[in-house]
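Written below as structure tokens is the structure these notes are about.
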Amino acid sequence: MTMTSLVACVGLAVIFAASASPYAVTDSDSICNDVDQSHVMLLQHAMSHRLALDAGEQWVKGDIGLEQTSGRRDVPYLISTENSTLQQFKVLPEVHNSCLSSSKPCAPKIAFMFLTISTLTQPMAWDAFFSKASPGTFSIYVERKERDGDLPLRHHGAIEATPVHTEWCMLFGGMISLLHSAFSDAQNEKFVFLSDDSIPLNSFGNVYASLVQKAPESSSFCGVVDPLPRSCLFGGGWHTQDERAQKAHQWSTLQRGHAELLLTHWQEGFDIYALNAPSIHNGCSDEIVPITALLAGLRAEGFPVAGNFDDLAQWNISNRCPVLAAWPGPANCTTPPRPTDIGLTWSPGQYCSLESGHICDPYIFSNITMQHVRNLMCSDFMFARKVPGDSEVINGTERVALSQVVFSDHWTEAEGGACA
């Protein structure tokens, strides 16, 4: 298989994907004869999958990919169960001030909120991150599905959020639990949602400067813009169907005023999600409700919020992904675009599998070179996800565990001008 032939085959699949019939994708067989046929099949399934999303057929997008609904997703059950779980957060938490100084103002804090199964996949990277932070500039909150064992980052002051019931495609309850806990500290001015398999690509100082000093009034979402190019293998269409709704990948940042609006208007956002979920099939509560609830709150405040993501900047909502998830398809399916030269190729086998329940997932950073690590640090993202605990870095002829990489050295190098 040559790169040229695979690129040609990818381009052909994208062209066929824009046609009226999803079955047209199968016509690419005769032109892709010199390409590994397993890759052709993956391309055809992935692109047909994307077309089925646009056609409103029975497909659903979950947190980590696209999945067929047959026997896998009971929408009424998910909606009813999660709505019941959320009722404990109907009232804002009692707010306290963690600032202990009586002589001078305390610095605003960033609340880092980790949605986990049980622990973090790369705790050493996060230990390096928080070890460089000035005292009193951050808080950590963790929501765990499995609560046996030590709480991650406890030695950095991590607080366990109220336990809630979560399932695949039913994660908004975990997000609200984290935000509810974090909002109780009046010093928390910025709120960051992170997954358990994420790593920091910037130093704490750089993240703090970006979120607190340079853009204190802004919230950032990784928006799914309508209309979404068909070659982007995650579904859109929510705003097209219901102008009150938006879709964004769940890993976002919030300023405090927006966090309060989300906490006070999540029910309206959830009701809009519940109304549309049975017919759209390509979004989960954690992707639809946060941004939709925030917009509902702004409208309740009297702001004439309308339009797509590009129109939301006037209300300090930025369409800029803070967390990299390397989805298949063109690099510009998100803002900022997926960085180049980070270990990805055109091979659909890196993203897609006919064996798994999910057709296409974001790329998993299992084996990357040291140069790829440097390129990630030089990207426009603050964090990256899909980094497993056994991830390895290839450095010349050596293979070392990613957990052994000295992240702080790479942050210093990248932020010192090496990326220019």
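For the pair Ser408 and Asp380, what calculated FRET efficiency results from E = 1/(1 + (r/R0)^6), where r is the Cβ-Cβ distance and R0 = 25 Å, to the nearest 0.05? Please report the intermediate quantities before stating the final value.
Numbers: r = 20 Å, r/R0 = 0.81.
Approximately 0.80, to the nearest 0.05.
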- Note on the structure: Computed about the Cα centre, the charge dipole of the stretch 213-298 from +1 Lys/Arg and -1 Asp/Glu charges at the Cβ has a magnitude in debye, to the nearest 20, of 260 debye
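Provide the FRET efficiency to the nearest 0.05 for the Gln371-Glu217 pair, computing r from the beta carbons and using R0 = 30 Å.
About 0.25, to the nearest 0.05.
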- Taking the simple approach of a point 7 Å from Cα along Cα-to-Cβ for both Tyr77 and Arg147, what is their distance in nm? 2.4 nm
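Where both residues lie in the stretch 87-235, what percent of DSSP beta bridges are antiparallel, nearest 5? Let's see the in-between values first.
Working: 1 of 18 bridges.
Rounded to the nearest five, the antiparallel share is 5 percent.
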- Message: What FRET efficiency comes out for Leu275 versus Asp390 if R0 is 41 angstrom and r is the Cβ-Cβ distance? Round to the nearest 0.05.
- Response: 0.45
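To the nearest whole percent, what portion of all C-alpha pairs in the stretch 140-298 is separated by more than 22 angstrom? Mind showing how you got there, number by number?
Working: 5549 of 12561 pairs.
When all Cα pairs of the stretch 140-298 are counted, 44 percent exceed 22 Å.
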- Item | Ranking of Leu233, Leu263, Leu376 by count of other Cβ atoms within 10 Å, fewest first | Leu263, Leu376, Leu233
- Task: Treating cross-link reach as a plain straight distance, find the lysines whose alpha-carbon is under 29 Å from the alpha-carbon of Lys386, omitting any fewer than eight places away in the same chain.
- Result: Lys61, Lys109, Lys132, Lys145, Lys190, Lys214, Lys247
- So for the pair Ala401, Arg299, with labels modelled 7 Å out along Cα→Cβ, what separation do we get in nm? 5.1 nm
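Every read-out reported here was derived from the displayed coordinates using simple, explicitly stated rules and does not represent laboratory data. Note that this is a predicted model, so its numbers are computed, not measured. Glycine gets a Cβ as well: all are built from the backbone with ideal geometry, and neighbour counts include every protein chain shown.
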